[in-house]
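First comes the structure, then the notes that go with it.
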Amino acid sequence: MAQIPNLDNAPLNLTSIRDQSQKDLLNILKNVRGKKCLVLDPNLSGSLALLIQTSVLKEHGVELRHLLAEPVPTDCTKVLYLVRSHHNLVKLICSHIQYDISKGVQREYHVYSVPRRTVVCEKIFVKEKVHHLLKIGDFPLYMIPLDEDVLSFELDFAFRECHVDGDTSSLWHIAKAIHKLEFSFGVIPNVRAKGKASAKVADILNRMQGKELVNLSDMGAPEIDTLILLDREVDMITPMCSQLTYEGLLDEFLHVNNGAVEFDASIMGAQQEGKKMKVPLNSSDKLFKEIRDLNFEVVCQVLRQKATSMKQDYTEMTTTS
């Protein structure tokens with residue numbers, strides 16, 4: 001199965017959303033001419049794998065590295081950081097630059113924030129006295145198609161940030177992502193919100209629509225009729241319950257992340273001990289598409305029927321030949 005899902009059967013043209021994100025990323029890479037080292041926030045690796053193949057990045061002179069506490073192991077004179085706007089990640093970047101300065105290494109540094117930079121992060125660069133060495137920009141990745149019927153905002157810690165840290169910036173990001181959807185598929189006429197945070201998202205979205213009233217009014221009939229926003233706090237019990245579908249059980253035991261599961265390669269018959277293998281889970285695989293939402297009690301029966309049918313077809317082919 002391909003990790004980049006096939007979106008041809010999507011009810012909306014989700015391919016256009018992915019294509020635009022690819023274009024935005026490639027434009028960033030083209031702006032940094034020649035060979036460059038792309039240092040990724042580790043939590044963005046899976047998201048990027050759903051947008052673009054590693055081979056395409058290498059064609060644009062990219063050497064991939066993960067952002068760690070240790071200095072970046074590269075000979076490239078141009079280093080491009082692609083990170084979320086978190087202060088701890090920005091401090092790591094500052095420490096890398098300060099290390100290079102202490103060693104007399106001269107490099108060209110570029111920092112692109114996902115989905116946009118924050119004032120706090122910019123102030124950290126100034127405080128650490130490295131801002132004059134940086135070129136700063138944004139990579140507006142607000143949502144990613146995980147499958148033909150699933151879009152993800154990739155806001156893993158939004159609930160904690162809102163309710164524990166008091167940081168509601170994720171609500172603005174959600175509203176912005178929906179607003180970008182409207183530019184592609186028309187203004188959504190019916191918006192329903194359940195919960196305080198959802199109501200806040202709806203209010204932000206309404207204000208965004210007001211600012212863009214002239215442009216949005218030129219669009220044709222909307223392709224999305226209704227948007228329903230639900231707070232997690234509306235139902236706190238469901239996440240505590242065991243999932244009973246095939247895909248749900250895979251998530252319970254193997255943890256589905258960015259539309260894929262990772263496990264020891266030995267399970268798939270590989271001889272390399274300790275090596276991890278990533279297996280994508282999306283509707284590009286017809287069998288998985290058929291059984292992903294079935295109750296686990298039914299899955300075994302369906303697979304048994306499939307195996308019997310395949311065995312019969314093979315027997316008939318062998319007899320005929």
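The values are calculated or read from the model by the stated rules, or taken from the named source; none is laboratory data. Nothing here was measured: the structure is a model prediction, and the numbers come from that model. Note that we place each Cβ from the backbone using ideal geometry, even for glycine, and neighbour counts take in every protein chain shown. For the accessible areas, the whole protein counts, side chains as well, though only heavy atoms, and no ligand, DNA or RNA atoms are used. Shrake-Rupley method; radii C 1.70, N 1.55, O 1.52, S 1.80 Å.
Mean-square fluctuations from a GNM of the chain, with a 10 angstrom spring cutoff on Cα atoms, peak among PHE296, PHE157, PHE185 at PHE157. Compared with the dominant principal axis of the Cα atoms in the chain, helix 296-320 is inclined by about 70°. What separates the Cα centres of region 231-263 and region 37-75 is a distance of 28 Å.
HIS131 sits among other residues whose Cβ lies under 11 Å from its own Cβ, and their net charge, with Lys and Arg +1 and Asp and Glu -1, is +2.
By the beta carbon rule, with partners counted only under 4.7 Å, the chain holds these lone Cys residues: CYS94, CYS121, CYS162, CYS241, CYS300. With helices as the sole contributors, the chain gives -13000 deg cm²/dmol at 222 nm; each DSSP H run of n ≥ 4 counts as -39500 (n - 2.57), and the sum is divided by every residue. For the chain, give the share of DSSP beta bridges that are antiparallel, in percent and rounded to the nearest 5; count only bridges with both residues there. Antiparallel: roughly 30 percent of the beta bridges in the chain. Sparse packing (at most 12 other Cβ atoms within 10 Å of the Cβ) combined with a DSSP loop state is found for the following trypsin sites (Lys or Arg not before Pro) in region 84-167: LYS103, LYS129. For GLU63, the amide hydrogen comes within under 5 Å of the amide hydrogens of LYS36, CYS37, LEU38, counting only partners 5 or more places away or on other chains and with H modelled in the peptide plane. Give the carbon-plus-sulfur fraction of the accessible surface of the chain in %, rounded to a whole number; probe 1.4 Å, heavy atoms of protein chains only. Ligands and nucleic acids excluded, carbon and sulfur give 53 percent.
Averaging 1/r over each pair of different alpha-carbon atoms in region 72-177 and inverting the result gives 15.3 Å, the Kirkwood hydrodynamic radius.
Semi-axes of the equivalent ellipsoid for the chain, computed as √(5λ) from the eigenvalues of its C-alpha gyration tensor and ordered from largest down, come to 37, 29, 20 Å.
Which of rounded, prolate or oblate describes region 1-154 when judged by the alpha-carbon gyration tensor and an a/c cut-off of 1.5? Because a/c hits 1.5 or more and a/b exceeds b/c, region 1-154 counts as prolate.
Note on region 40-160: Lys pairs 8 or more places apart or on different chains, Cα atoms under 25 Å apart, count 19.
Proximity of backbone amide H atoms, modeled 1.01 Å from N, is registered between TYR81 and VAL39, HIS110, VAL111, TYR112 at under 5 Å, excluding neighbours fewer than 5 places apart on the same chain.
Rolling a 1.4 Å probe across the protein heavy atoms gives region 134-218 an accessible surface of 53 Å² per residue. Here the Karplus curve 6.51 cos²θ - 1.76 cosθ + 1.60, taken at θ = phi - 60°, turns the phi angles of region 13-23 into couplings of 7, 5, 4, 5, 5, 5, 4, 5, 5, 4, 4 Hz, with x standing for Gly and Pro. When the Kirkwood radius is taken over all Cα pairs of region 129-186, what Stokes-Einstein diffusion coefficient follows at 25 °C and 0.890 mPa s, in µm²/s? It comes out at roughly 180 µm²/s. For ILE97, what charge total do you get from the other residues with a beta carbon under 10 Å from its beta carbon, if Lys and Arg give +1 and Asp and Glu give -1? In short, 0.
Mean-square fluctuations from a GNM of the chain, with a 10 angstrom spring cutoff on Cα atoms, peak among ASN282, ASN27, ASN258 at ASN27. Taking a ≥ b ≥ c as the square roots of the eigenvalues of the alpha carbon gyration tensor, region 129-235 is oblate, as a/c is not under 1.5 and a/b does not beat b/c.
Result for the chain in a Gaussian network model with C-alpha springs under 10 Å: among MET143, MET236, MET310, the largest mean-square fluctuation is at MET310.
Here the simple spin-label model places points 7 Å from the Cα toward Cβ, and for GLN305 and LYS196 these points are separated by 4.9 nm. For region 1-129, the per residue solvent-accessible surface stands at 52 Å², with DNA, RNA and ligands left out and a 1.4 Å probe.
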